[in-house]
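Notes to accompany the following structure.
The values are calculated or read from the model by the stated rules, or taken from the named source; none is laboratory data. All figures in this text were calculated on a predicted structure; none of them were measured in a lab. Cβ placement follows ideal geometry from the backbone for every residue including glycine, while neighbour counts extend to all protein chains displayed. Remember, those area values only see protein heavy atoms, side chains included, never the ligands or the DNA or RNA. Shrake-Rupley method; radii C 1.70, N 1.55, O 1.52, S 1.80 Å.
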Amino acid sequence: MAPKQSSPVIERLAIIGAGLIGSSIARATKARGLAKTVVVTDHSPTVRERVRALGFADEVPDAAAEAVVDADLIILCAPVGANGDIAREIGAWLKPGSIVSDVGSVKSAVIAAVQPALPASVHFVPAHPVAGTEYSGPDAGFAELFENRWCILAPPEGEDQAAVAVVQEFWTRIGSNVEIMTPAHHDLVLAITSHVPHLIAYNIVGTAADLETVTQSEVIKFSAGGFRDFTRIAASDPTMWRDVFLNNKEAVLEMLGRFNEDLAALQRMIRWGDGDGLFELFTRTRAIRRGIIEQGQETPAADFGRRASTPDKAQ
Ligand code: NAP
């Protein structure tokens with residue numbers, strides 16, 4: 001259970017997009033008393049109805065423009081490709097001095113899409129909580145999702161430091177560790193730690209599905225050999241991931257180039273029977289896994305059938 005804290009960080013929070021991330025932020029904000037009023041909206045009437053039923057928002061207006069009126073902090077929680085349209089929809093309704101933020105898995109493209117639509121009187125502090133699961137929608141969210149996970153802030157150059165400090169305090173009090181970096185660096189780091197791994201998972205699951213020499217039922221039956229861990233990642237939301245690859249093209253292609261070179265080297269080691277080379281690489285990769293466990297970003301438990309509510313997937 002999240003600890004209740006006394007003073008709110010802001011008076012009024014508006015969340016646009018009530019899926020896994022938006023609903024988790026709303027739940028965590030309520031649980032920790034970080035805003036006096038939590039306003040949540042979504043473009044889908046079905047999702048809005050579900051948010052009302054779940055009861056983690058104080059107000060659920062129908063339109064994003066209505067949701068942002070008088071809000072001090074507005075967090076865009078829709079898929080990356082929708083943020084530009086949302087910014088154009090809300091721009092004229094934002095309170096001077098308010099702070100717009102987001103949670104998108106890509107930063108440079110979101111800044112390019114959102115910033116031109118915001119009035120000069122409004123601050124923009126893009127963020128990316130590196131926490132998630134392969135589930136979507138308002139029912140999938142939970143208040144503890146961001147605890148002990150990293151949240152990266154990527155403010156555009158010259159952004160107001162007081163506004164950055166408010167967003168930093170918000171995420172710190174949600175239970176995250178906050179790091180600040182440039183949008184371009186964020187995109188490069190996430191390309192190798194998240195985007196390329198997702199692409200590899202989508203690819204290997206796709207390859208297995210298309211094989212003619214091994215049957216589908218054999219793939220499923222013997223999946224515990226490693227395949228099923230890829231299927232968890234490859235079950236991630238198609239809209240979200242389509243938008244990630246379309247909006248972080250350069251960094252993903254750069255990291256994919258490196259990946260392909262290293263894969264070719266591995267292929268050569270196998271072909272020429274270079275056991276020492278394979279052994280040396282596999283020893284180095286084990287050390288990375290140990291480092292992740294030591295830093296509390298994973299547990300050593302051999303829990304491959306992870307629970308649905310475990311924040312085990314960082315994007
Ligand atoms: P999600 O569960 O699919 O929720 C997104 C919600 O936004 C959906 O209810 C969607 O409605 C709604 N939406 C779409 N377009 C909208 C619009 N124009 N206006 C208002 N609402 C709109 O997705 P999510 O996993 O929460 O991801 C949301 C954002 O968080 C993405 O930018 C993603 O990059 C980022 N993120 C995700 C993770 C993760 O693990 N999932 C982790 C970190 C960051 P419809 O479904 O009806 O279109």
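Conditions first: (1) away from the ligand (no atom under 14 Å from the Cβ); (2) surrounded by 19 or more Cβ atoms within 10 Å (Cβ to Cβ); (3) without any contact (Cβ under 8 Å) to a residue 60 or more places away in the chain; (4) more than 18 Å from residue 142 (Cα to Cα). Residue 68 passes all but one, so which condition is the exception? (1) is the only condition that residue 68 fails.
When residues in segment 226-243 are screened for being among the polar types (S, T, N, Q) and in contact (Cβ under 8 Å) with a residue 40 or more places away in the chain, 2 of them pass. Give the residue that is least open to solvent (accessible area, probe 1.4 Å), with candidates limited to residues of segment 107-159 that are among the charged types (D, E, K, R) and more than 15 Å from the ligand (Cβ to nearest atom). So the residue we want is 159.
Every listed requirement among (1) more than 13 Å from the ligand (Cβ to nearest atom); (2) open to solvent by 30 Å² or more (accessible area, probe 1.4 Å); (3) not aliphatic (A, V, I, L, M) is met by residue 62 save one, (1).
Summed over segment 10-30, the residues that are open to solvent by less than 30 Å² (accessible area, probe 1.4 Å), farther than 17 Å from residue 139 by Cβ and more than 9 Å from the ligand (Cβ to nearest atom) give a count of 4.
Look through segment 164-203, keep the residues that are surrounded by fewer than 19 Cβ atoms within 10 Å (Cβ to Cβ) and among the hydroxyl-bearing types (Ser, Thr, Tyr), and return whichever of them is farthest from residue 7 (Cα to Cα). Among residues in segment 164-203 that are surrounded by fewer than 19 Cβ atoms within 10 Å (Cβ to Cβ) and among the hydroxyl-bearing types (Ser, Thr, Tyr), the one farthest from residue 7 (Cα to Cα) is 202. For segment 112-132, the set of residues classified as assigned to a loop (DSSP other than H, G, I, E, B) and either modelled with pLDDT of 95 or more or in contact with an Asp or Glu (Cβ under 7 Å, 6 or more places away or on another chain) (or both) consists of 118, 119, 120, 121, 122, 125, 126, 131, listed by residue number.
When we screen 104, 97 for residues that are open to solvent by less than 10 Å² (accessible area, probe 1.4 Å), outside the structural domain of residue 252 (by TED's automatic domain parsing) and touching a residue at least 24 places away in the same chain (Cβ under 8 Å), the only hit is 104. If residue 289 meets every condition in (1) exposed (fewer than 10 other Cβ atoms within 10 Å of the Cβ); (2) of a type outside the set (Gly, Ala, Ser); (3) at pLDDT below 95 apart from one, which number is that one? Answer for residue 289: the failing condition is (1).
Considering (1) closer than 30 Å to residue 114 by Cα; (2) touching a residue at least 40 places away in the same chain (Cβ under 8 Å); (3) open to solvent by less than 60 Å² (accessible area, probe 1.4 Å); (4) within 16 Å of the ligand (Cβ to nearest atom), say which one residue 246 fails and leave the rest. So the condition that residue 246 fails would be (3).
Scan segment 92-111 for residues that are under 22 Å from residue 21 (Cα atoms) and in a helix (DSSP H, G or I) and jot them down. Across segment 92-111, the qualifying residues are 108, 109, 110, 111.
Inclusion of residue 44 among residues that are within 9 Å of the ligand (Cβ to nearest atom), crowded, with 21+ Cβ neighbours inside 10 Å and either at pLDDT 95 or above or of a type in the set (Asp, Glu) (or both) is not warranted. All of 74, 99, 86 fail the test of being more than 21 Å from residue 170 (Cα to Cα) and of a type in the set (A, V, I, L, M, F, W, C), apart from 86.
Taking the conditions exactly as written (assigned to a helix (DSSP H, G or I) and either out of contact with any strand residue (DSSP E or B) (no Cβ under 8 Å at 6 or more places or on another chain) or at pLDDT 95 or above (or both)), does residue 243 satisfy them or not? Yes: the conditions hold for residue 243.
State whether one or more residues within segment 84-93 are open to solvent by less than 20 Å² (accessible area, probe 1.4 Å), under 22 Å from the mean Cα position of the chain (by Cα), more than 10 Å from the ligand (Cβ to nearest atom) and not hydrophobic (A, V, I, L, M, F, W, C). Looking through segment 84-93, none of the residues is open to solvent by less than 20 Å² (accessible area, probe 1.4 Å), under 22 Å from the mean Cα position of the chain (by Cα), more than 10 Å from the ligand (Cβ to nearest atom) and not hydrophobic (A, V, I, L, M, F, W, C).
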